[in-house]
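Engineer: First, the structure itself, so that you have it in front of you.
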Amino acid sequence: MINKFLLSILTMFGIGYSKYASGTVASFVTCVIFYSLYSVGYLESRGIYLICIIIIIFFLSILLIDKFSDVFDEKDAKEIVIDEFVGQNIPLFFLLFIPLNTATYNKDFMILIVLSFIFFRFFDILKPYPINLIDKKMKNGLGVMLDDVIAGIFSALLIYMVTLIWP
């Protein structure tokens, strides 16, 4: 029973079993969850708690991926999408620290959420250096999680550059 629950964490409660682009679906669901929490004001007062939960999920996922490596066909199986959840949250939480024009804040914030999704998927799918190096060399739970964390960091940096030239 507990193993089924732990496996469901790795698959984001079944999202990883999506027939098509399970990683993209997981990233999209992460964006929807983030926007929902933002729109009800949860992130303003309790965002730090969510960041702590994501850090815990990161370390727990490393352990779970290694523990359940025999359940999946490969180390970075397409069913394991918790890494997309953690990686996608990096540029999303970065958005909370970007000063935007108060007159157009909600529209600009939504555009930046969409851009963070696009940028993260770009880096996660194409895996430019050093993401590709981590993906090839680290065949364990840390490698599965770390390539998405770095994709998230690259996405956040690209979002920052976009906001520098934002009109």
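The values are calculated or read from the model by the stated rules, or taken from the named source; none is laboratory data. Please read all numbers here as calculations on a predicted model, not as lab measurements. For neighbour counting, all protein chains shown are included, and Cβ atoms are generated from backbone atoms with ideal geometry for every residue, glycine included.
Engineer: For the range 1-57, how many residues are without any contact (Cβ under 8 Å) to a residue 40 or more places away in the chain, of a type outside the set (Val, Ile, Thr) and outside any helix (DSSP H, G or I)?
Structural biologist: Qualifying residue count, the range 1-57: 8.
Engineer: Go through (1) of a type in the set (Lys, Arg); (2) closer than 27 Å to Phe13 by Cβ; (3) part of a helix (DSSP H, G or I) for Lys139 and report which single condition fails.
Structural biologist: Answer for Lys139: the failing condition is (3).
Engineer: Of the conditions (1) under 14 Å from Ile90 (Cβ atoms); (2) surrounded by fewer than 16 Cβ atoms within 10 Å (Cβ to Cβ); (3) small (Gly, Ala, Ser), Ser27 clears all except one; give me its number.
Structural biologist: Exception for Ser27: condition (2).
Engineer: For the range 24-47, which residues satisfy the criterion of being hydrophobic (A, V, I, L, M, F, W, C) and at pLDDT 85 or above?
Structural biologist: Matches in the range 24-47: Val25, Ala26, Phe28, Val29, Cys31, Val32, Ile33, Phe34, Leu37, Val40.
Engineer: Given the conditions (1) of a type outside the set (Lys, Arg); (2) farther than 19 Å from Thr24 by Cα; (3) surrounded by 13 or more Cβ atoms within 10 Å (Cβ to Cβ); (4) at pLDDT below 90, and given that Asp135 satisfies all but one, which numbered condition is not satisfied?
Structural biologist: (2)
Engineer: Right, another one. Mind checking whether some residue in the range 74-84 is modelled with pLDDT of 90 or more and closer than 23 Å to Val162 by Cβ?
Structural biologist: Yes: the range 74-84 contains one or more residues that are modelled with pLDDT of 90 or more and closer than 23 Å to Val162 by Cβ.
Engineer: Related question: Give just the number: which of (1) over 23 Å from Ile15 (Cα atoms); (2) modelled with pLDDT of 90 or more; (3) over 17 Å from the mean Cα position of the chain (by Cα) does Tyr105 not satisfy?
Structural biologist: Single failed check for Tyr105: (2).
Engineer: With the condition kept exactly as written, say whether any residue in the range 102-118 is in a loop (DSSP other than H, G, I, E, B) and among the hydrophobic types (A, V, I, L, M, F, W, C).
Structural biologist: no
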